[in-house]
Every structure is written in structure tokens, then in C-alpha cells.
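The values are calculated or read from the model by the stated rules, or taken from the named source; none is laboratory data. A quick note: this is a predicted structure, and the numbers were derived from the prediction, not measured. Please note: Cβ atoms are built from the backbone with ideal geometry, for glycine as well, and neighbour counts cover all protein chains shown. The area values use the complete protein model at the heavy-atom level, side chains included, leaving out ligands, DNA and RNA. Shrake-Rupley method; radii C 1.70, N 1.55, O 1.52, S 1.80 Å.
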Amino acid sequence: MDLLSMQARIDTLTTELLEHNRRYYEGDAPSISDYEYDQKLAELRRLEEEAPLFARPDSPTKNVGGSAPRQFAPVTHRVPVISLDNSYDRNDLLEFHRRTIGGVADPGQVSYVLEPKIDGLSVVLEYRNGRLVRGATRGDGITGEEVTANLRTISAIPKTIPYTGDLDVRGEVYMPKEAFLELNRRQEIAGGQIFANPRNAAAGSLRQLDSAVTATRPLSIFIFNVQYIEGRSFETHAESLDFMAEQGFPVAEYVPCASIEDIMAQCDIWDEKRRYLDYDIDGLVVKVDRLSLRRELGEKAKSPRWAIAYKFKAEEQETKVLDILVQVGRTGVITPKAMFEPVRVAGSVITFATLHNEDFIKEKDLRIGDHVLIHKAGEVIPEVVRVLEEKRTGEEREFAMPTHCPSCGTALVRLEGEAALRCPNKKDCPAQNVRGIIHFVSRAAMDIEGLGDTLIEKLSDWGLISNAADIYALTKEELAVLEGLGEKSAENLMNAIEASKEAGLSRLLCGLGIPLIGTKAAKELAVHFRTMEALQAASAEDLTALNDVGGKMADSLLAWFADEKNQQLLQRLQEAGVSMESKEQGPQTKEAFAGKTFVLTGTLEKYTRDEASAIIESFGGKTAGSVSKKTGYVLAGKEAGSKLKKAQDLGITILTEEEFEAMIEA
């Protein structure tokens with residue numbers, strides 16, 4: 001390559017990668033895979049080494065991450081928050097090991113700690129006198145964005161710790177896989193943003209301007225590094241991890257590795273193990289354990305010489321786009337979906353993937369009939385990686401978004417600043433009504449077992465239901481004659497509908513789909529106001545006096561109650577016998593678990609993890625994500641793994657669900 005071509009390529013790659021950085025770090029919407037990004041970055045680094053005069057000052061090879069958006073206050077990190085070199089090749093791990101032992105005076109002291117590379121958003125938490133005083137994102141590594149109020153909504157983050165000296169720790173905010181799927185399901189029903197993967201969901205949730213919205217998102221965190229500590233020192237990284245666990249921080253499972261052979265063996269183990277974790281990891285991080293050796297090895301401009309990230313390659317498969325369909329969400333958002341020739345990816349058969357919006361389709365230049373590569377983002381969500389343009393035959397057809405709602409025929413609109421098209425006909429659009437009913441009967445809301453999406457659509461098509469109140473007017477005879485639903489199934493469904501009348505105020509509020517009111521806010525409203533009548537009479541000041549209700553949420557509630565159609569819906573529900581009173585207990589005075597920390601592991605049969613955690617907290621206890629010497633009990637379900645073993649090694653009391661119930665009853 002001649003010098004002019006080299007300069008042009010360096011400039012092109014720099015511009016492309018800076019845009020990808022902006023999308024990833026600031027927009028939480030990456031448009032290429034990590035692997036594609038790293039390949040481009042490696043090419044740029046190689047070209048800059050060959051022709052350093054052409055390297056731009058803003059090159060992503062010299063700078064970390066993105067910048068701090070202006071809507072958040074800037075925070076200058078006390079210690080730079082550096083990134084890691086990435087590797088997809090085990091030969092790179094061998095080379096890293098050779099460089100490490102060659103870079104220290106005593107190679108015999110070299111050992112490693114291997115940690116899962118959590119795919120989330122990196123943050124720094126600052127504690128003074130044992131209290132959380134500030135939290136910030138990584139930003140560009142020097143300056144981050146302050147998101148303290150949002151971080152305080154994450155229950156896994158301790159607000160106080162035993163250590164009273166100055167302490168800064170670094171962690172990764174993430175969203176558990178099941179919670180991510182449930183969030184996307186709710187977003188799809190509501191016509192909101194569908195997140196591509198758990199990392200995007202976590203980042204988007206943490207950057208909400210209203211912390212009340214963040215509070216409705218099921219975020220968690222793993223802490224993995226002491227950035228700064230006053231009055232205490234450590235000899236090894238493993239020692240610092242144990243210290244953080246003792247302080248109550250959730251620390252991910254880590255593995256000491258005495259040799260490079262141990263690391264290679266763990267790569268195989270974790271490549272399989274990651275599919276069964278309840279959080280997403282995109283690789284492993286290998287770190288030199290002894291901190292004195294880290295100081296010997298030092299750091300490069302952007303990354304340390306004493307650590308490297310080994311990234312797993314996402315499984316990609318080729319398939320064909322058979323068609324592109326559109327779906328109308330509960331709030332009228334029009335979402336396109338690609339229908340594929342069935343293909344197995346990461347253990348399951350994939351037949352469709354969301355295409356998010358019109359801009360996404362244009363950016364990918366995706367056409368009906370195209371051959372595409374797909375993968376599961378975060379091992380969970382099917383996603384189009386890229387179009388195989390070289391396989392085009394000329395028979396492919398470009399897709400155009402509809403101009404009118406496919407359900408009601410209303411002209412679609414695009415609101416300023418939004419990428420999505422919407423149907424503005426909120427009152428009479430059948431599709432929006434159906435999605436609202438699907439949300440109403442969902443598990444998080446009224447939990448009417450047997451009333452699934454397909455049956456609701458069929459009932460709507462037959463004209464039997466058009467809103468949530470119509471469910472309670474259904475008869476056994478009407479249900480029994482529907483195709484595929486016999487007399488016994490109809491009877492069971494009628495019983496489930498009848499039982500749902502006693503779901504209580506918090507579930508009803510959740511099911512009504514009031515914008516910005518999620519399960520957490522609905523529960524607090526129900527506990528505080530006790531009846532729907534009292535809630536309807538509340539003022540904005542009454543509402544915002546609650547911890548989890550912000551100004552925007554209060555405005556949304558007041559606007560919803562002021563709508564005549566919603567008032568009629570509530571009246572019909574009440575006339576049908578649906579309870580408008582809270583079933584939630586008020587603030588507990590029981591302190592049976594006061595001062596006790598529980599760790600939940602394995603699959604619980606009688607409770608979800610959220611339910612078990614709520615019970616523990618109601619008795620004055622708290623839950624943590626990792627086992628330490630300060631753990632009081634481990635509640636173990638089926639297929640409990642490393643947490644159970646660590647608890648056994650430390651002699652911590654392990655409870656079955658039956659023993660847990662006995663403690664509650666006592």
C-alpha cells in the first residue's frame with residue numbers, strides 16, 4: 001500500500017471507529033459486532049505503527065471509550081479507568097504469557113486470576129466514611145458522567161459498607177438474562193424501544209434522566225476492582241476481591257490460575273458454562289495476581305500490560321430473509337420483523353428477529369430474499385449481523401415501511417427526535433388494544449393463566465373483547481366453542497379469570513399499562529394509598545412524596561386518570577368484581593432476619609428470586625450476589641453451583657426452600 005492510500009485508509013478507519021464508539025458508549029446502540037470492531041481497530045493500529053505521521057490525535061487507538069454526554073455532570077476519576085486489549089485467539093494468550101514472564105525480574109512469582117468479562121456498563125463507585133457518595137460511568141477513562149441517583153436504585157449496590165476509609169471501586173452494571181427478556185417483552189407490548197442485548201438495556205437504563213425510570217429496570221452489578229483505597233494495601237488481586245466481598249459488594253466468581261495451561265483449560269470450561277449463567281459474559285479477563293508484578297509490568301497508553309481480555313466468538317449462521325412483516329405495539333409503535341428460513345443458532349431454532357425501525361433496515365441495506373448472517377446477541381436475542389451482498393441474485397426486493405397502520409388504516413406519524421413510526425389512533429386501533437390486553441393478563445400483572453397471546457388475538461378477531469374489562473364479561477359457552485378450546489379448558493380459564501379478580505391493586509396498576517408505572521412503582525403506590533379511590537384523589541405533591549415516584553411518573557398517572565375512557569374502564573372493572581384494594585402488606589416491623597445477608601443460588605421451585613428477596617427484605621434482611629465470610633445463609637435451589645460449594649467451604653448455613661419456609665413461619 002502506498003503512502004497516500006495508507007493515509008486515506010487511516011483516516012477512513014479513524015472516522016468509522018469514532019462513530020462506532022459514539023453509538024456504543026453514548027447511544028447504547030452499536031451497529032457492528034465486537035469482533036468486527038476489534039478487527040478494524042487492529043488494522044488501524046497496524047497502519048499507525050507503519051506510518052505514525054498519519055495517526056490522528058483523536059485516534060481510538062489512543063483514547064478509551066466515549067465522552068460524557070452534556071446532560072450529565074462530568075466527573076474526573078481519581079484513578080484513570082483504563083480498558084483492556086482484546087484477543088479472540090489463544091495464541092495471543094500464549095504471547096501475553098511470554099511477554100509477562102519476560103517483563104518481570106522473578107518469573108516464578110507469576111500467577112493469574114481469571115474472571116468472567118461481564119458485558120455491561122463500567123462504573124466507578126466512591127465511598128467516604130462507609131457511605132456511597134458518588135457514582136459515575138467510565139466515559140473516556142479520565143472523565144465520566146455522574147449517575148449517582150440512578151445507581152442508588154440498584155439494590156445490589158450497598159449504600160453503606162463497614163470500611164470507613166476512602167474507597168473507590170470499579171464494577172460492571174448489567175441486566176440478568178431473564179430480566180432482559182421480560183423487559184423486552186414488556187417494551188414490545190408497550191411499543192417502546194426493543195433493546196438489542198442485555199448490555200444495551202443496562203446502559204440505556206442507567207442513563208435515564210429520570211431515576212424513577214431506572215428504578216423500574218432490573219439492574220444488578222458485579223464489582224471487580226479496587227481503584228483507590230485509603231489506609232489499606234493488598235498483596236494480590238484475589239485478596240482485594242475477597243475484601244470487597246466482605247464489604248458486601250457482589251463479586252463474580254473468579255478462578256486462580258497458576259499457569260497458562262490452567263488458563264487454557266478454563267477457556268474451554270467457561271465457553272460452555274456461559275450458556276447457563278443468568279448474566280451475559282462476552283469473554284474472560286486474565287490478570288496478573290500479584291500487584292507488585294503489575295507495577296513492574298506497567299501500562300501502555302490505553303491498556304495495562306498485566307491483563308488481557310479473551311473474547312468468545314459469537315456463533316453465526318447463514319439464513320435467508322423470507323419476508324419482512326410489521327407489528328403494532330400497545331402504544332402504536334410500528335416494529336418491523338424479519339422472517340427467516342429456520343436455522344439453529346446457539347442451541348435453538350431461529351425463525352425471526354426484530355429489525356427495530358426503518359433506519360436499521362436502511363443502514364443494513366436489508367432486502368427481502370437476502371442471505372444474511374445472524375447470531376444471538378448476548379447469547380439471547382436473534383440479531384442480523386450483516387447482509388451477504390455477494391450472494392444477491394437481483395431478485396431481492398427492497399422493503400418499504402407502511403404509510404398507514406396495518407390494523408386500523410390510520411396514517412402513521414413519526415414524532416420529532418424518534419426513529420419509530422407510530423399509529424396515533426390510541427382509542428380505536430385493534431392491534432394496540434390487543435397488545436394492551438396481552439400486557440394486562442401477563443404474569444407481572446393480573447397473571448391469568450391460559451389466556452395467551454394467540455387466544456387473545458382470536459377473541460379480538462371474533463369481537464368478544466376490545467379492552468381489559470371485556471375479559472370479565474366472557475362466558476364459558478363463548479370460550480368452549482372457540483377452535484382448540486374444549487369445555488374443560490374453558491372451565492379452567494374461567495376459574496383463572498375469576499381468581500384474577502383478587503390480584504390486588506398493585507398488579508392491577510401494573511396491568512393497566514399506565515406509562516412509566518412499572519411493577520416497583522405500582523407496588524409502592526398500592527402500599528401507600530391502599531385503594532384505587534385514594535390513589536385517584538392524590539395530588540402531584542402526594543405522589544412525588546413517595547420514594548419511587550418522580551415528577552414525570554406523577555404527571556403520567558394524573559393524565560391517565562383524567563382520561564374519560566380510562567375512567568370508564570375502571571368503572572367496568574370494579575362492577576365486574578375486580579379488587580381495587582391493596583393486597584400488599586404495609587411496612588414490616590418484623591426483624592427476624594435483621595443484620596443477616598442471604599445469597600440465592602440455583603433454581604427455586606416455590607418462589608422467583610424477586611419473590612424470595614422481597615420476603616427476606618420484609619423481615620429486615622438483605623440479599624447479596626456473592627458468598628463471603630459475612631454471608632448469613634445461602635438459600636439453595638436445584639442445580640446450585642459454585643456459590644453452594646464456596647458456602648460449604650466457609651461453613652455457612654445452607655437452607656432448602658422447606659427450611660426457609662419454616663424460618664418464615666417461626
Suppose accessible area is computed on protein heavy atoms with a 1.4 Å probe; arrange W270, W560 from highest to lowest. W560, W270
Which of the listed residues, N129, M264, I381, is farthest toward the dipole's positive end in the chain, when Lys, Arg count +1 and Asp, Glu count -1 at the beta-carbon? N129
Restrict the search to region 432-492; then list the GluC sites (Glu not before Pro) that DSSP places in a loop and that have at most 14 other Cβ atoms within 10 Å of their Cβ. E449, E483
Highest first, please rank the peptides 565-575, 38-48 by the mean number of other Cβ atoms sitting within 10 Å of their residues. 38-48, 565-575
Output the relative contact order of region 290-379, whole-number percent, from Cα pairs under 8 angstrom with separation of 6+ residues. 29 percent
What does the net charge come to around V251 if you take all other residues with beta carbon closer than 10 Å to its beta carbon, with K and R at +1 and D and E at -1? -4
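Given only helices, namely DSSP H runs of n ≥ 4 each adding -39500 (n - 2.57), what is the per-residue ellipticity at 222 nm of the chain, to the nearest 500 deg cm²/dmol?
Per the formula, -10500 deg cm²/dmol.
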To the nearest Å², the heavy-atom accessible area per residue of region 377-447 with 1.4 Å probe amounts to 53 Å²
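Two decimals, Cα atoms only, Kirkwood Rh: what is Rg/Rh over the chain?
On the way: Rg = 26.8 Å, Rh = 27.5 Å.
Rg divided by Rh gives 0.98.
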Compute the acute angle (0 to 90°) between the alpha-carbon long axis of helix 3-21 and the principal axis of greatest extent of the alpha-carbon atoms of the chain; round to the nearest 10°. 40 degrees
For the chain, Cys with no neighbouring Cys Cβ under 4.7 Å: C257, C267, C510
Using only the alpha-carbon atoms, how far is helix 430-440 inclined from the longest principal axis of the chain? Give it as 0 to 90 degrees, nearest 10. 80 degrees
Restricting attention to region 121-179, which chymotrypsin sites (Phe, Trp or Tyr not before Pro) occupy a DSSP loop and are surrounded by at most 16 other Cβ atoms within 10 Å? none
Separation of region 313-361 and region 452-527 by C-alpha centroid, Å? 28 Å
Semi-axis lengths, Å, region 284-432, gyration tensor of Cα atoms, sqrt of 5 times eigenvalues: 41, 22, 14
Mind ranking W462, W306 by accessible surface for me, highest first, 1.4 Å probe? W462, W306
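Mind checking region 67-153 for trypsin sites (Lys or Arg not before Pro) that DSSP puts in a loop (not H, G, I, E or B) and that have at most 14 other Cβ atoms within 10 Å? Could you put the intermediate results ahead of the total?
On the way: sites: R70, R78, R90, R98, R99, K117, R128, R131, R134, R138, R152; in loops: R70, R78, R138, R152.
Sparse-neighbourhood loop trypsin sites (Lys or Arg not before Pro): R70, R78.
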Once you've got the Cα coordinates, tell me which of K40/K364; K501/K622; K311/K520; K364/K520; K501/K552 are over 27 Å apart. K501/K622; K311/K520; K364/K520; K501/K552
Cα gyration tensor category, rounded, prolate or oblate, for region 417-500 with a/c compared to 1.5: prolate
Take the Cα radius of gyration of region 466-528 and divide it by 2.2 N^0.38 Å, with N its residue count; two decimals is plenty. 1.40
In degrees, nearest ten, helix 260-273 long axis to first principal axis of the chain (Cα): 10 degrees
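Report, in debye and to the nearest 20, how large the dipole of region 154-278 comes out about its Cα centre when Lys and Arg carry +1 and Asp and Glu carry -1 on their Cβ.
Working: 12 positive and 19 negative charges, 156 e Å.
So the dipole magnitude of region 154-278 works out to roughly 740 debye.
Just to confirm, what accessible area per residue do you get for region 529-583 at 1.4 Å probe, in whole Å²? The partial results should precede the final answer.
Working: 3030 Å² over 55 residues.
Value for region 529-583: 55 Å² per residue.
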Within the accessible area of the chain (1.4 Å probe), percent carbon and sulfur: 48 percent
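Of the peptides 634-641, 230-237, how do they stack up when ordered by the mean number of other Cβ atoms within 10 Å, highest first?
Highest to lowest by the protection proxy: 634-641, 230-237.
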Here the tail fraction of P(r) beyond 18 Å, over all Cα-Cα pairs of region 552-666, rounds in percent to 62 percent
Would you kindly work out the equivalent ellipsoid of region 139-244 from its C-alpha gyration tensor and give its semi-axes, the square roots of five times the eigenvalues, largest first in whole Å? 31, 14, 13
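Mind ranking 494-500, 280-286 by how tightly packed they are, going by the mean number of other C-beta atoms within 10 angstrom, highest first?
Working: 494-500: 16.4, 280-286: 23.4.
Listed from highest to lowest mean packing, they are 280-286, 494-500.
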